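Visitor: There's a structure below that I have some questions on.
The values are calculated or read from the model by the stated rules, or taken from the named source; none is laboratory data. Here the structure is a predicted model, which means the values were calculated and not measured. Using ideal geometry, Cβ is built from the backbone for each residue, glycine included, and neighbour counts are taken over all protein chains shown. These area figures cover heavy atoms from the full protein model, side chains too; ligands, DNA and RNA do not enter into them. Shrake-Rupley method; radii C 1.70, N 1.55, O 1.52, S 1.80 Å.
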2 protein chains.
Amino acid sequence: MLTRTSTQSLTEQLADRFSERIRTRLLAPGARLPSVRECARQQGVSPHTVVAAYDQLLAQGLVEARRQRGFYVRDSIAAQAGPALSTIGGPISEQPAAKLVPADASTLIRGMFHRPSDKPQPGMGVFPSEWLDSPFTAAAVRRMTSTRALQDFSLQYGEPAGDGGLRRSLATKLANINVPAGPEQVVTTVGATHALDIVSRTLLRAGDAVMVEEPGWALEFARLEALGMRILPVPRKADGPDLEVMERYCDAGDGHKPKLFVSVSVLHNPTGYSLTPGSAHRVLQLANKHNFHIVEDDTYSHLAPEHATRLSALDGLQRTVYVSGFAKILAPNWRIGFLAASPALVGRMLETKLLTTLTTPSLFERALAWCIDQGQLRRHAERVRLRLDGARGRTVKLALAAGCTLASEPAGLFGWVDTGVDTDALTQRMLDEGYLLAPGSLFHARRPPSTLMRINFATAQDAAFWKVFARVKAQL
Amino acid sequence: MLTRTSTQSLTEQLADRFSERIRTRLLAPGARLPSVRECARQQGVSPHTVVAAYDQLLAQGLVEARRQRGFYVRDSIAAQAGPALSTIGGPISEQPAAKLVPADASTLIRGMFHRPSDKPQPGMGVFPSEWLDSPFTAAAVRRMTSTRALQDFSLQYGEPAGDGGLRRSLATKLANINVPAGPEQVVTTVGATHALDIVSRTLLRAGDAVMVEEPGWALEFARLEALGMRILPVPRKADGPDLEVMERYCDAGDGHKPKLFVSVSVLHNPTGYSLTPGSAHRVLQLANKHNFHIVEDDTYSHLAPEHATRLSALDGLQRTVYVSGFAKILAPNWRIGFLAASPALVGRMLETKLLTTLTTPSLFERALAWCIDQGQLRRHAERVRLRLDGARGRTVKLALAAGCTLASEPAGLFGWVDTGVDTDALTQRMLDEGYLLAPGSLFHARRPPSTLMRINFATAQDAAFWKVFARVKAQL
């Protein structure tokens, strides 16, 4: 908050706050700053202070003034570049690939790593670390470092497909959810993100059309866009993807037909929806008729209800590729994910892994295998699910009391909440209060304004947050 | 070797040997098997045994007979696929992206991980693990696991750019070789491979032209080809890349101009050449005139002579991006690499990292920072360089005695050796003897036949290998 007792002037404090948000992309390139009057009211300072702060941002090259329209965040490249001096002379053109990574996505993604305060963050995508804290994970790592084994595996590249022991453990885990895959069909990756990247790079070429559920996870849209793919958004409904929309995409002429469908089938992010068996069957029928692949992102598998329906189980990994990881349940920084694919495809997936990272570190893979084999992961996941059930109940009550409605039946880690106000504006104002939200626009390929937001049930069960939320919302 | 005392028949042993090589891509799709007569002579068995073995391979769908022309390894996809049964019905087409990853590269790359025997492998790309074995690496890892720190960093994603302490250590290391980069210009990656992948994905779009040194590392050709880039090979000479060829590429019409030059400037793989200051200056002048970026792959930096010339140092990281890693000196399986880029570019590189793997594991990054800060890495590298100098002298003597000549002045880890015979054929025959070679064809984008091969000075100082080599070469 701005404070008059600080050694910095109010103008400097205000300018610093905006420049920090621009730098961390919490204010995206092209975003409009609040009007002088609006900002003065929000921050409780004089319009003169706001004008002086905006002038500082202008001088730093972070914003630009547009005649009669106010102040806008400058294009990221230009803002980051500074003076481009070459030792030999002549300007460096950064233009060619400037649009490869859309600025939109980095807003949320960078936000994942820049906590605006120490308060519980309702927009977070993972459990708070204290939820994951268990003595067994550290014990598992130390088991692998206390022996000669550490040197043995450190000093060679390791198995291309990943640690053999872990792949056996994963194959057993997959069998438990009826996904038939031998260890030789499993490839470990640097988190589920890397697995999804490998699948799209293996199955697609630039310009190909990909169906992606909407709303959906911003990183997936951004990654596919950066790879030059054409994104076809498929509305996600309670029972599964909108099949009529999918069918219309599939009826496009040759060369425009979708090659891949990306689906978070169980505990979909952000709605919490899970696929029904009937819908799964029809999706696979369509895939079969129109000859596209499906990548099933089962990132939330450890929070899923028993007997949840997976496309990969029905399909027997013929046309589907299964992807999951452990960031949501065990240790995000271990960066372990994996994919399982048909014998026909797994060799090609492995080649893409080799081209992108060669191998993956064995230490955590062995530690994870131990956690699975000893039953530690299963018991830990049970504890987390139970705790989450309680948190979900409390959070829902608080959200309703704060005047929100639920856009979908509460399930899993995330709530999809209608606030009744524009959540992009709400996000900027809540940042002033030290809270980072996940506004609805971030879950759409084209970022339309939205009154929805995603909340994390584990971190949003905090009455203090909802009090601030209700106050700020009323001011909008 | 085939043996008559085995419980398997000679036919089965021979068929198994070929099927294993086809499976591991040591025999690439499209490769021709030796003629029946030739194979019988090489293996010391009757033509009847060979015919029976080839028939087994035919029955397994691994090879196909072409009328009057012999037996050929079948296309990889078909060979791996097996019966493509869908639970719902209808065939699965794997065709669309089948050519994304060229089979060529996987031959060498997979070979890196499939040692055909326990003998020292002269084709290897890294030091044998006993050369890297030092008590300090395990100690460094255990320091990071013996404290509360392990849980602290495991349970969050970690810093997007990589561990802050490591980035400070790397910035200091870079300053020592006159590459000016603050910690905020450094991004850690999953090995140098991932760093090169990030650079090309950030700066290029599918269809862009990239200049790559030839001969050069097969993985780089394969990766760029898989990304859909147009590869423009630039002959690598003793003092640097062939500038006349580069100039001709640059004089192409707009839209065909190269966007990037990939260079292993110091201790080039496979020739061992290091860039001269004059050549570096001219390369940068050309880059400036024709507005392309340069990625400098300094993978062998720890083996480099003092005062070696880096493009990134001359250029001050304006137009260059610096890439290096620790697989060649410390611990291949830790998978730590990094890139350093201008303030204008580093933000975009970081976004590509986030899209591909989110973050990287902190444990090994912290352990590596400790090894650097304590001077352990520097002293270890000195010991390895000294040992390599001795090995190089012995290997060169043995190679010359075996009738080879050296295609370049011996330096660094690799020798570039002219055998006087076709090294693709030599490689297949040496596999029968338990040795995997790195034939010259693998270091070219188009894989032309070559009499050259790359040898690893650390593993080729073995008289037994050269004895077998001379015998097999004489039989060709």
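Visitor: Can you name the number of the only condition in (1) in contact with a strand residue (DSSP E or B) (Cβ under 8 Å, 6 or more places away or on another chain); (2) buried (at least 21 other Cβ atoms within 10 Å of the Cβ) that A:Trp334 fails?
Guide: A:Trp334 satisfies all of (1) in contact with a strand residue (DSSP E or B) (Cβ under 8 Å, 6 or more places away or on another chain); (2) buried (at least 21 other Cβ atoms within 10 Å of the Cβ) except (1).
Visitor: Looking at segment B:180-203, which of its residues are more than 14 Å from chain A (Cβ to nearest Cβ) and open to solvent by less than 10 Å² (accessible area, probe 1.4 Å)?
Guide: B:Val186
Visitor: Quick check on my filter: what residues within segment A:167-179 are within 14 Å of chain B (Cβ to nearest Cβ) and open to solvent by less than 10 Å² (accessible area, probe 1.4 Å)?
Guide: A:Val179
Visitor: Is one or more of the residues making up segment A:130-145 over 26 Å from A:Val417 (Cα atoms), assigned to a loop (DSSP other than H, G, I, E, B) and modelled with pLDDT of 95 or more?
Guide: The answer is no; no qualifying residue exists.
Visitor: If A:Leu345 satisfies all but one of (1) within 9 Å of another protein chain (Cβ to nearest Cβ); (2) open to solvent by 10 Å² or more (accessible area, probe 1.4 Å); (3) in contact (Cβ under 8 Å) with a residue 40 or more places away in the chain; (4) not hydroxyl-bearing (Ser, Thr, Tyr), what's the number of the condition it fails?
Guide: (2)
Visitor: Test each condition in (1) within 14 Å of chain A (Cβ to nearest Cβ); (2) open to solvent by less than 10 Å² (accessible area, probe 1.4 Å) for B:Thr423 and report the one that comes out false.
Guide: Here B:Thr423 meets the rest and fails (1).
Visitor: Further question: Exactly one condition in (1) over 32 Å from the mean Cα position of the chain (by Cα); (2) modelled with pLDDT of 90 or more; (3) not charged (D, E, K, R) is not met by B:Ser6; state its number.
Guide: For B:Ser6, the exception is condition (2).
Visitor: Oh, and also: Any idea how many residues of segment B:204-227 are surrounded by fewer than 21 Cβ atoms within 10 Å (Cβ to Cβ) and not in a helix (DSSP H, G or I)?
Guide: 5
Visitor: Please go through segment B:154-166 and give me each residue that is assigned to a helix (DSSP H, G or I), out of contact with any Phe, Trp or Tyr (no Cβ under 7 Å at 6 or more places or on another chain) and surrounded by 23 or more Cβ atoms within 10 Å (Cβ to Cβ), ordered by number.
Guide: Within segment B:154-166, B:Leu166 is the sole residue that qualifies.
Visitor: Same structure again: Give me the residue from segment B:229-239 that is in contact (Cβ under 8 Å) with a residue 40 or more places away in the chain and open to solvent by 30 Å² or more (accessible area, probe 1.4 Å) and, out of that set, farthest from B:Asp298 (Cα to Cα).
Guide: The qualifying residue farthest from B:Asp298 (Cα to Cα) is B:Pro233.
Visitor: I've got another one for you. B:Gln68 is checked against (1) in contact with a strand residue (DSSP E or B) (Cβ under 9 Å, 6 or more places away or on another chain); (2) without any contact (Cβ under 8 Å) to a residue 24 or more places away in the chain and fails just one. What number does that condition carry?
Guide: (1)
Visitor: Scanning segment A:284-329 for residues that are among the charged types (D, E, K, R) and open to solvent by 10 Å² or more (accessible area, probe 1.4 Å), which turns out modelled with the lowest pLDDT?
Guide: Top of the filtered list is A:Glu306.
Visitor: Let me ask another. Hey, does segment A:454-465 have a residue that's under 30 Å from A:Arg142 (Cα atoms) and not β-branched (Val, Ile, Thr)?
Guide: yes
Visitor: Shifting gears a bit: Output the residues belonging to segment A:353-402 that are open to solvent by less than 50 Å² (accessible area, probe 1.4 Å), of a type outside the set (A, V, I, L, M, F, W, C) and farther than 20 Å from A:Lys173 by Cα.
Guide: Of everything in segment A:353-402, those that are open to solvent by less than 50 Å² (accessible area, probe 1.4 Å), of a type outside the set (A, V, I, L, M, F, W, C) and farther than 20 Å from A:Lys173 by Cα turn out to be A:Lys353, A:Thr356, A:Thr357, A:Thr359, A:Thr360, A:Pro361, A:Gly390, A:Arg392, A:Gly393, A:Thr395.
Visitor: Also, quick follow-up: What pairs come up if the first residue lies in segment B:446-466 and is modelled with pLDDT of 95 or more, the second is in a loop (DSSP other than H, G, I, E, B) and among the hydroxyl-bearing types (Ser, Thr, Tyr), and their beta carbons are under 8 Å apart, counting only those six or more places apart or on different chains?
Guide: From residues that are modelled with pLDDT of 95 or more, the pairs are B:Thr451/B:Thr419; B:Leu452/B:Thr419; B:Met453/B:Thr419; B:Phe465/B:Tyr435.
Visitor: Would you please name the residue that is nearest to A:Ile372 (Cα to Cα), looking only at residues in segment A:140-174 that are more than 28 Å from the chain's Cα centre (by Cα) and acidic (Asp, Glu)?
Guide: A:Glu159
Conditions (1) open to solvent by 40 Å² or more (accessible area, probe 1.4 Å); (2) in the same structural domain as A:Pro439 (by TED's automatic domain parsing); (3) touching a Ser or Thr at 6+ places or on another chain (Cβ under 9 Å), marked per residue:
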{"position": "A:Thr3", "(1), (2), (3)": "yes, no, no"}
{"position": "A:Ala15", "(1), (2), (3)": "no, no, no"}
{"position": "A:Phe18", "(1), (2), (3)": "no, no, no"}
{"position": "A:Val50", "(1), (2), (3)": "no, no, yes"}
{"position": "A:Tyr54", "(1), (2), (3)": "no, no, no"}
{"position": "A:Arg66", "(1), (2), (3)": "yes, no, no"}
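Visitor: Of (1) in contact with a Lys or Arg (Cβ under 9 Å, 6 or more places away or on another chain); (2) outside any strand (DSSP E or B); (3) closer than 30 Å to A:Glu159 by Cβ; (4) within 14 Å of another protein chain (Cβ to nearest Cβ), B:Ile372 satisfies all except one. Which?
Guide: In the conditions (1) in contact with a Lys or Arg (Cβ under 9 Å, 6 or more places away or on another chain); (2) outside any strand (DSSP E or B); (3) closer than 30 Å to A:Glu159 by Cβ; (4) within 14 Å of another protein chain (Cβ to nearest Cβ), B:Ile372 misses (4) alone.
Visitor: Could you say whether any residue in segment A:35-54 is of a type in the set (A, V, I, L, M, F, W, C), within 30 Å of the chain's Cα centre (by Cα) and under 21 Å from A:Pro116 (Cα atoms)?
Guide: no
Visitor: While we're on this one: Within segment B:28-40, can you find the residues that are charged (D, E, K, R) and at pLDDT below 90?
Guide: B:Arg32, B:Glu38
Visitor: Among the residues of segment B:430-474, which ones are outside any loop (DSSP other than H, G, I, E, B) and open to solvent by 20 Å² or more (accessible area, probe 1.4 Å)?
Guide: Of everything in segment B:430-474, those that are outside any loop (DSSP other than H, G, I, E, B) and open to solvent by 20 Å² or more (accessible area, probe 1.4 Å) turn out to be B:Leu452, B:Ala463, B:Ala464, B:Lys467, B:Val468, B:Ala470, B:Arg471, B:Lys473, B:Ala474.
Visitor: Just give me the residues in segment A:204-216 being more than 12 Å from every other protein chain (Cβ to nearest Cβ) and under 20 Å from A:Phe292 (Cβ atoms), in sequence order.
Guide: Listed by number, the residues that qualify are A:Val210, A:Met211, A:Val212, A:Glu213, A:Glu214, A:Gly216.
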